[in-house]
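The values are calculated or read from the model by the stated rules, or taken from the named source; none is laboratory data. Please read these numbers as outputs of a predicted model, since none were measured by experiment. Here Cβ is always computed from backbone atoms with ideal geometry, including for glycine, and neighbour counts include all displayed protein chains. Accessible surface is based on the protein model in full, side chains and every heavy atom, while ligands, DNA and RNA are left aside. Shrake-Rupley method; radii C 1.70, N 1.55, O 1.52, S 1.80 Å.
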Amino acid sequence: MPGPYVIGVDGGTQSTKVVVYDVDGNVVSEGRQPLRPMARAQPGSAVHPDDDLWTSLAAASRLALDGFPADPREITGVGLCTIRCCKAFLAADGSLIEPVISWMDDRAYEPYVPDAPGVAYATTSSGYLTYRLTGERRDSSANNILLQWPIDTDTWRWSDDTSLSERFGVTREMLFELQLPGDVAGHVTPEAAAATGIPEGLPVITTANDKAVEALGAGSLGPTTALVSLGTYIAAMVYGIENHTAPTHFWTNFACIPHRYLYESHGVRRGMWTLTWFLDLLGDEVEARAEEIGLSREQYIEREAETVAAGSDGLMTVLDWLAPTDKPFRKGVMLGFDARHTRGHVYRSILEAIALTMKHNVDAMCGELGIELEDIVVSGGGARSRLFMRIFADVFGIPASRSVGAGGASLGAAICAAAATGLYGDIETAAERMTNERESFAPDAATTEIYRRMNETVYQTIRDATDPILDRAHPIFH
């Protein structure tokens, strides 16, 4: 593959992925480094231990550059995308005052500032990692949300409303300079080059929040197409140009194209994580058996799940493995076991729970927006599963498609880098040239009817029955 090339960084909740792409969006080399388990000192807290976000980025970058087959001087830039809704507090020298607070930590949404001497700056994960790479205190407007930061969502700048700063416990002097997606934040320092293997002096490009960057990497989305993003947090999105400030069934997020917006549905916390949790429970034996026949453990169990009928013979899962902050008593629930049920049933039931929950959430969002969807695009690692794609098509009752080749946040970040470094004229043109064709899955009408009855008659009412029980149990176990 001839150059030039760009790097896309995708910093997720469970791992960091660094990918080198060519100008057509083909993967040239990549590296992936799992993150360490969250440190949880008490209920409601979740932090990335030590300096794990930076350590994993450096390790994944070295893997990607070690496998890069061409001249690194042909790489033109680095697009940086990181987990949204995290908070980092820094000393004057840029070092962490304490470990980065995860989006799963209650303090991320409170006016929290560490009670420690020397707190000079407050920023997001992207602001912090931009500083580590470039030495510049700059961050993307599109990774600062009004739920956490004093941002003006109309201008994409810091708000002049001093009451917002007071509400979030920060001063303007503590905040980084804001930039738009596609801006050059700075250049890789000698220290960062030594740690990551990324060539010194390369421009580092601002992107947006991880969901928006993933949407960019998924390719063109029309006005009647929703993107379902499968990650530790699962959400669905449609593009728009209006900044809705008080919606009921969605919220307005920044897109990865300046001054455009993504309308984002309510989601599933610890969504794909729940599948990982279940596979971990099955132990090393399943993984060893899968390896013997050249499969991943997901593929191994999915073969069993494919033989299970739609509805998992009445086994229904409610995805509250991470309770919402306003209902801390909620727990994950699996309801309807009998002697027929196997691990394949459990696996399929979790897949169905994700699709059924998102169908309900997407319908509420689109109803409020006045949109009738014609199809959905599914992105994230779960989209590799043909079974999962069929379940999405059947539950939504419309075609569900996925990218044939590479996609997601690393490609979205690379698209921003390609535009910023002049390989393409703008982000939209780069996205058109670098995103891939899609494979579509058509719904089965009879199966769609089964899921419709299940969702409307039973599934969406389960919490009405379980909430009172879990609420009474909560003080006993907490």
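Potential lengthening of the chain between Thr224 and Ala364 amounts to 48.9 nm, from the contour at 0.36 nm per residue minus the alpha-carbon distance. Simple rule: put +1 on each Lys or Arg Cβ and -1 on each Asp or Glu Cβ in the range 404-478, find the dipole, and look at Pro468, Gly408, Val458; the Cα lying farthest toward the positive end is Pro468. Here the spin labels are modelled as points 7 Å beyond Cα on the Cα-Cβ line, and at Thr162 and Ile293 they lie 6.9 nm apart. When the trypsin sites (Lys or Arg not before Pro) in the range 277-377 are filtered for DSSP coil states and for at most 16 other beta-carbon atoms within 10 Å of their beta-carbon, the remaining sites are Lys331, Arg340.
Computing FRET efficiency as 1/(1 + (r/R0)^6) for Asn243 and Ser15, where r is the C-beta to C-beta distance and R0 is 25 Å, gives about 0.15. Relative to the longest principal axis of the C-alpha atoms of the chain, give the angle of the C-alpha long axis of helix 409-420, reported between 0 and 90° and rounded to the nearest 10°. Orientation of helix 409-420: about 30 degrees from the principal axis.
The stretch between Ala446 and Ala116 holds 112.8 nm of extra length on full extension. This uses 0.36 nm per residue minus the Cα-Cα distance. A DSSP coil position with no more than 15 other Cβ atoms inside 10 Å describes the following GluC sites (Glu not before Pro) in the range 172-247: Glu200, Glu242. Leaving out ligands, DNA and RNA, what percent of the accessible area of the chain is carbon and sulfur, probe 1.4 Å? C and S atoms contribute 50 percent here. Rolling a 1.4 Å probe over the heavy atoms of the protein chains gives the chain an accessible area of 41 Å² per residue. Under a 5 Å amide H cut-off, with hydrogens placed 1.01 Å from N, Gly11 pairs with Lys17, Cys81, Thr82, Ile83 among residues at least 5 apart or on other chains. Report the Stokes-Einstein translational diffusion coefficient (µm² s⁻¹, integer) for the chain, Rh taken as the Kirkwood radius over Cα pairs, at 4 °C with viscosity 1.567 mPa s. It comes out at roughly 56 µm²/s. So if we plug the beta-carbon distance of Gln42 and Phe337 into 1/(1 + (r/R0)^6) with R0 = 25 Å, what FRET efficiency do we get, rounded to 0.05? After rounding to 0.05, the efficiency reads 0.20. For Lys87, which lysines qualify as cross-link partners when the Cα separation must be under 28 Å and same-chain residues fewer than eight apart are set aside? Result set, ordered by chain and number: Lys17, Lys211, Lys327, Lys331. Normalised by 2.2 N^0.38 Å, where N counts its residues, the alpha-carbon radius of gyration of the range 341-478 equals 1.36. Remark: spin-label model distance Asp313-Asp284 equals 3.1 nm, labels positioned 7 Å along the Cα→Cβ axis. Annotation: amide H-H contacts under 5 Å for Asp183 (H modelled 1.01 Å from N, sequence separation of 5 or more, or interchain): Thr206. Structural size metrics of the range 21-62, computed from C-alpha coordinates, are Rg and Dmax of 14.9, 47 Å.
Each of Glu173 and Glu98 was given a label point 7 Å from its Cα along the Cα-to-Cβ line. The distance between the two points is 2.2 nm.
So, counting K/R as plus one and D/E as minus one, what does the shell of residues with Cβ under 13 Å around Phe329 add up to? Cβ neighbours under 13 Å give a net charge of +1. Among the trypsin sites (Lys or Arg not before Pro) within the range 390-455, not one is in coil by DSSP while having at most 11 neighbouring Cβ atoms inside 10 Å. Within the range 226-309, all pairs of alpha-carbon atoms sorted by distance into 5 Å bins from zero give the percentages 3, 13, 16, 15, 13, 10, 8, 10, 8, 4, 1. Sorted from greatest to least, the principal axis extents spanned by the alpha carbons of the range 68-147 come out as 48, 26, 20 Å.
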